[in-house]
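Notes for the one structure printed next.
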Amino acid sequence: MALPFIPSDAGLLALQAAVVAAPRPVPRVAWLERFRGRGWALVPIGSIVVVIFAIRYVSDTATGLTDLALVAVPILAALALGWAMRGARPVAALAAIPLFVLAWASKNTLAGEAAGALLSALSCVTLGVLLSAVTPPKWLKAGIVLMACADVWLVISDLLQSPNAVLVAAQPPAGLPQLQAEIFGTVSMGYGDLFVAALLGAVLASQWRRQWQAALLTLVIAAVFDLLFFFISELPATVPVALALLVTESWQWRQQRRVSVALRRPSMRADAIPRQAR
């Protein structure tokens, strides 16, 4: 769709930041507790490294992922609207239907592209909430940083560009909408770039203020980071999310340290106060 770079990029960056703010804190589900473990922290890095190498060396991987997204994304988006996101209502899950219809009927328009990107973003919210339910927070945070590091490595080593182009170009059957990547105007963003944003939002969901701070930080850092697009054509969009996490974690650590130091200071006892002559 013919839309200048800046509004196209701004639209996707705003969507990524909104995904950070979207996940809601959910109570622990009993049947999920049996699956809880640190190994789930490898899912973020695996979702990018395994997928890229599978597309590169296993034929029809891109087609399979495209078909999987076509089925899974609307279902997961409905779950987000009905359960996983802040303000979710069961009846709101039905909104996924008109979004899918719009993404299909107007897939070559900005409205259709926006609907498809929104469906993908909502599906990531559900995945983020589910993964945070079975992964200890510290380990999931480490997984977010590792995913960004892997993304940087893949971009710098020129291993990402070709498989990513193949995935973005894959067409679902019967002219159905592409939901395996987000395209808006003249800019595209990978599914993993929204997935990592959902993970950050989910891991901070129990701390509403920190979650919003992380969302705003993601937007600001991403906007500055994307100035590099004037010099290079591809950037690892997971990096601003990881940086936002590191900044919020650093700020939280400083606050806790300050409180800890204040509590350790010996208070002046009443009997130690010098008496004044009457």
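Scanning segment 72-111 for residues that are farther than 29 Å from ALA169 by Cα and aromatic (Phe, Trp, Tyr) yields a single hit, TRP83.
Yes/no matrix, rows are residues, columns are (1) under 24 Å from VAL101 (Cα atoms); (2) part of a strand (DSSP E or B); (3) under 12 Å from the mean Cα position of the chain (by Cα):
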{"residue": "LEU159", "(1), (2), (3)": "no, no, no"}
{"residue": "ALA165", "(1), (2), (3)": "no, no, no"}
{"residue": "VAL168", "(1), (2), (3)": "yes, no, no"}
{"residue": "GLN171", "(1), (2), (3)": "yes, no, no"}
{"residue": "VAL196", "(1), (2), (3)": "no, no, yes"}
{"residue": "LEU199", "(1), (2), (3)": "no, no, yes"}
{"residue": "GLN213", "(1), (2), (3)": "no, no, no"}
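When the test is whether a residue is under 19 Å from VAL145 (Cα atoms), touching an Asp or Glu at 6+ places or on another chain (Cβ under 7 Å) and crowded, with 17+ Cβ neighbours inside 10 Å, ILE48 passes it. Please verify whether segment 242-250 includes one or more residues that are hydroxyl-bearing (Ser, Thr, Tyr) and either in contact with a Cys (Cβ under 8 Å, 6 or more places away or on another chain) or exposed (fewer than 15 other Cβ atoms within 10 Å of the Cβ) (or both). Scanning segment 242-250, I find at least one residue that is hydroxyl-bearing (Ser, Thr, Tyr) and either in contact with a Cys (Cβ under 8 Å, 6 or more places away or on another chain) or exposed (fewer than 15 other Cβ atoms within 10 Å of the Cβ) (or both), so the answer is yes. Restricting the first member to segment 52-65 and to residues that are more than 22 Å from SER157 (Cα to Cα), and the second to residues that are of a type in the set (S, T, N, Q), the beta-carbon pairs closer than 9 Å and six or more apart or on different chains are THR63/GLN171; LEU65/GLN180. The residue pairs whose first member lies in segment 115-136 and is within 19 Å of ALA21 (Cβ to Cβ), whose second member is among the polar types (S, T, N, Q), and whose beta carbons are closer than 9 Å, counting only pairs six or more residues apart or on different chains, are SER120/GLN180; ALA121/GLN16.
Residues in segment 215-228 that are in contact (Cβ under 8 Å) with a residue 60 or more places away in the chain, more than 15 Å from the chain's Cα centre (by Cα) and surrounded by fewer than 19 Cβ atoms within 10 Å (Cβ to Cβ): ALA223 only.
For segment 151-169, a residue qualifies if it is touching a Lys or Arg at 6+ places or on another chain (Cβ under 8 Å) and buried (at least 19 other Cβ atoms within 10 Å of the Cβ), and exactly one does: PRO163. Taking segment 179-213 as the range and being among the aliphatic types (A, V, I, L, M) and farther than 18 Å from LEU122 by Cα as the test, only VAL187 passes.
We did not get these values from a lab; they are worked out from the coordinates using the rules stated. Keep in mind it's a predicted model, so treat the numbers as computed, not measured. We place every Cβ from the backbone using ideal geometry, glycine too, and count neighbours over all the protein chains shown.
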